[in-house]
Each structure stands twice: as C-alpha cells, then as structure tokens.
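First the structure, in the form of structure tokens, and then the observations on it.
No value in this document is a laboratory result; all are computed from the given coordinates. Since the model is a prediction, treat every value here as computed from it, not as a measurement. Here Cβ is always computed from backbone atoms with ideal geometry, including for glycine, and neighbour counts include all displayed protein chains.
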Amino acid sequence: MDGEVEVELHRPDEPPRVVERDGAHRLDALPPGKRMGHSVLGRGHMALLPKHSVYRLRGRTPGAVVFQTIEGPETLLRWAEICQTEGGTAKPPAAPSPPRAERHGEPLALETRFESGPADADTGYIASVSHGEVHHQLPADAFLRALMRDVAWGFFYGTVNFDDVLGTTNFYGEVEMFLGAKNEAFVRAGRDVTERFASADLMKAFKAILRDWTNEGFDPFAAPLETAAAFGPKRGSNDAAIERQRVSARRMVGLPGDTGVRTDQSGYPVNRMFADVPQHQPFVEAGPGFESEVSAFNLFGYLSRSDVTWNPSVCSVLRDSLFCPTSEEYILPIDHGNDRVEWFIQLSDEIVWDVKDGATGRPRARVTMRAGDVAAMPADIRHRGYSTKRSMLLVWENGSPAIPELIRSGKAPVIPVKF
Ligand SMILES: [Fe+2]
C-alpha cells in the first residue's frame, strides 16, 4: 500500500509440524531448508506467500502492507478500536399497462408473469417491467447496466437491486426475481411480487434480454464517457462487450497457468484516468524449482488497465477469502444487498457510498472512502457507490456458501465486531 518491502521466502526441510491453529506462526529462528527466492514490492504490488513456507519482510522505511491471511496466533483483532462508528448504534426499526415490446423486448422465455419491454420502442429511454397488475419502469441504460452485472456475476452474493423496486436475490442454485419485495411501501401496500426460478433458467432469459436490448456501440460495463448511448430503436448488437469472461484467478494473477497480467499487447491499454500509475513490475528472483511459487505482480498497474467498471474480479484466493479488486467510475449500477459482511479497501481516489437498510431501503449511512480507508459493510444492508472519477477499490469477500444460512439463523453476526 505504501513504501517498499523486501520479501524473503524459504522452504523448510521438515514438513511443518501439525499446528492447532491456521494462519501465520512466529518462528524464533530460520529452520533448515532451501532458499526459495525473494521479491521487492513497491506501492500497489502484490506477492504470494506460499503455504508451508517461511517468510520475512524487511522495509528500510516505514510502509504499509495488506495481508490476505487466515486468523492465527499472531493475529491482533483491532477493528473495534479502529473503526469509526458515529451513529453506528442507531438501528432502524425493523399505472396503466405499458405497451408490449415491438422492436426490442425479447420476452422472458419462462413460465412467468414477468414481462419486460421498452415503454417506447423509438426512444428506447425507458424499460418497463410488469408482473400482473404491478408495473414498474426504469431508465433503459440503468436496466442494461444492472442486468449486465447480474449476468456477469451469476446473480452475485445476496440481492442485486436494479433500483428500489426491481431486483433478484440469490439462493445459490435458485434465484428470486421481485418487484417491491425490498421496498417498505410496496410491502405495506401488499403490492410486492416475487417469483423463484432455477438460476440457469433465469440466467438464460436475462442473457437473451441483454443481447436483444444492447445496441451497437453500447457497453454496459463502460463508464458513460467511454461508450455510445444505450437508447434509441434496436440497432445492431455488441456481443463482444456483454460476453466478456469475468476474471477469476485460481490462486493469484500472474502465476504460471493462472490468469495473466494485463499489457498493451494483450489488449488492455492504460485507462485515460490512470496515466499516472507506475507500470513497472516488482523485482522477483525465484530459486530453481520455485518458479511457480515465488511470484508478484503490479496490482495497481493491472487495475489501471481494466476495461470495465464496477465489476469485481477475483485476483487472489485463499480458501474462501477472495480479493476482488475493481476499477470504478460513475455510479454502481445496482444497490447491492449483502448476504454476508463485505470488506472494502479504497486503493485510490474516492468513492461515496449510500448505505441503506437491506430489507426496507431506509437510509442508514453515507460513507466517504478515500485512498487507504477501510470499511466493513454489514450483512444486512444494501449499498450503492458513487465515483466521480475512475478509482480503484478492493472488495474483499468471504465466499463460503455456508454464510447466508448462518446469518439467517442468527448463528453468525451481521457485523464483524462487537463494540
Ligand atoms: Fe455489497
């Protein structure tokens, strides 16, 4: 995050003794073994500390490093002291039918009462979504940007609110689509509708709608200044933009056989707003036989070359712990309703977050995060971010499939600390 640090790695001869706790263990002396290699990391660089290795970090000047690790005997839990919680204890108490699509508007290929189509096929400004007597409309570009995230993320964790009314909730294998179910006024009036689908079926329908509605030149992943408009009558397509593969490293970006680093040659030029991000790779020296374990790459350089916004991609994996950094510009196209605690580390610039109650949508907090700021977003909120210029955000997810049920049943807390 800051400063320069040298990382030395050794592989002990003896297999590590069986330890009762995960995580890092302090050693009093370097055990007999082989030197694996070393790297020198600067700001924005990321390195692998392989399991069953012995490591030592050295910095000539004070610096700051983020570790993605498992809690262990050396871990100090300080979040309760560090976290700023002003107001944190305050708890909130628990039209005529649109015309059917004529040019856009492939119907949901499902046995469902949901219908979608443009309110006017010539302007293509407004998307209409109906379910029986419940009608809803939202801007077509917002609809497509949200739809794109649901498709690319496989319905993501928890709830993807397209806006205050329309959305999906992931039950991992099945998914619910709703109008008004997360909106206090709709629920109070008994106007909310929800249908549950097999995830694969709804995904197929969403992909078909997205393909059908996306005009030539419109990229739902791009910042508004980097794409043509979404509006107008049906005109061409942009399958290349909507069928991008989401980056998902198995261990870490840059390792042999894993997701590669981004370069000009591989089709990822530096974004116009990140021209000042240093592009040099960290120094890495791997001893013979350790080439696949001694590895580091320039994460900030990697993010400066992202061609998409608001699309967290897995860059390093430690069991269920997923580092999903991303570059952001303009507005997160959805209100993400968490089903687990999510950690944010702002890596550059600034994002403002509107945080609302996950169930009702009532405002709860506004969080301004600048470079170096850390936040734990609770499991019972929804949030939407605003980034006035392109910024880098590290989204740190616990991907364990057990968490939503642990939270629903009250066995796991919705915040990661007791104050
Ligand atoms: Fe979230």
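Between rounded, prolate and oblate, where does the range 253-353 land on the alpha carbon gyration tensor, with a ≥ b ≥ c its root eigenvalues, rounded for a/c under 1.5, else prolate if a/b exceeds b/c?
The shape class here is oblate.
Once you place label points 7 Å from the Cα toward the Cβ at Leu318 and Glu291, how far apart are they in nm?
About 2.7 nm separates the two model spin labels.
Given Cα pairs under 8 Å that are at least 6 residues apart, what percent is the relative contact order of the range 333-419?
Computed value for the range 333-419: 39 percent relative contact order.
Order of Tyr330, Tyr125 from fewest to most other C-beta atoms within 10 Å?
Numbers: Tyr330 19, Tyr125 16.
Listing Tyr330, Tyr125 from fewest to most nearby Cβ atoms yields Tyr125, Tyr330.
Can you tell me the dipole magnitude for the chain around its Cα centre, using point charges on the Cβ only (Lys, Arg +1; Asp, Glu -1), in Debye to the nearest 20?
For this selection, approximately 580 debye.
Taking 56 Å as R0, compute the FRET efficiency from the Cβ-Cβ separation of Ala185 and Ser266 and round it to 0.05.
On the way: r = 49 Å, r/R0 = 0.87.
After rounding to 0.05, the efficiency reads 0.70.
Count the lysine pairs in the chain that are 8 or more places apart or on different chains: how many have C-alpha atoms under 25 angstrom apart?
Counting lysine pairs in the chain gives 14.
What ranking do Ile351, Ile334 get, fewest neighbouring Cβ atoms within 10 angstrom at the top?
By the 10 Å Cβ count, ascending: Ile351, Ile334.
I'd like the projected area of the chain, averaged over all directions, using the convex hull of its alpha carbons. Report it in nm² with one decimal. Intermediate results must be reported in sequence, preceding the final value.
Numbers: hull surface 90.1 nm².
If I average the Cα hull's projected area over directions, I get 22.5 nm².
Which value results when the Cα radius of gyration for the range 114-242 is divided by 2.2 N^0.38 Å?
1.04
Give me the percent relative contact order of the range 277-403, please, defined on Cα pairs under 8 angstrom at least 6 residues apart.
Dividing the mean separation by the residue count of the range 277-403 yields 29 percent.
Tell me the mean residue ellipticity at 222 nm calculated for the chain from its helices only (DSSP H runs of n ≥ 4, each -39500 (n - 2.57), averaged over every residue, nearest 500). Each step should come with its number before you reach the end.
Numbers: 7 runs with 53 residues, N = 419.
Estimated from H runs of four or more residues: -3500 deg cm²/dmol.
To make sure I understand, if each residue's beta carbon is the centre and we count other beta carbons within 10 Å, what order do Trp310, Trp79 fall in, fewest to most?
Taking fewest neighbouring Cβ atoms as first place, the list is Trp79, Trp310.
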